[in-house]
Amino acid sequence: MVNRDSSEQRDFARVKTDTSVPVYVEQEGVVTHAACNNLSASGMLITVDKEFPIGSELLVTLTSGTTISGELIARCMIVRSQLTAQKKYFLGLEIQEIIDDEGFCIKSLRKAG
């Protein structure tokens, strides 16, 4: 379901999801699991049990559950972190790159600067 509130000034619509995703925390070299809450062409919102610093890079793997579209591997940067009432963390992620299954960048979304 696409969430397109008229008060929201975004370049891309968000799609609500409720998907479990493995997340590789590059600075720590560990894999943790998260829930992907929503996804857009430039970012996503995930829920994790542990706080991570803003600016940390994560590799997030989303699978569609079908053999038609396979999986999406995205290198993301944490741009927002919010503690929830359930003592979990909402992490706002900005997608930096889309990675193929061999580890090569197939699309860079990094902003020039």
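The values are calculated or read from the model by the stated rules, or taken from the named source; none is laboratory data. The model shown is predicted, which means the values in this text are computed figures rather than measured ones. Positions of Cβ are generated from backbone atoms using ideal geometry, with glycine treated the same way; all protein chains shown enter the neighbour counts.
Here are some notes:
- On the stretch given as the stretch 38-61, residues that are surrounded by 15 or more Cβ atoms within 10 Å (Cβ to Cβ), within 13 Å of GLN27 (Cβ to Cβ) and hydrophobic (A, V, I, L, M, F, W, C) total 3.
- Residues within the stretch 20-37 that are under 13 Å from the mean Cα position of the chain (by Cα), exposed (fewer than 13 other Cβ atoms within 10 Å of the Cβ) and under 23 Å from SER108 (Cβ atoms), tallied: 0
- Odd one out for PHE90 among (1) modelled with pLDDT under 95; (2) among the hydrophobic types (A, V, I, L, M, F, W, C); (3) surrounded by fewer than 18 Cβ atoms within 10 Å (Cβ to Cβ): (1)
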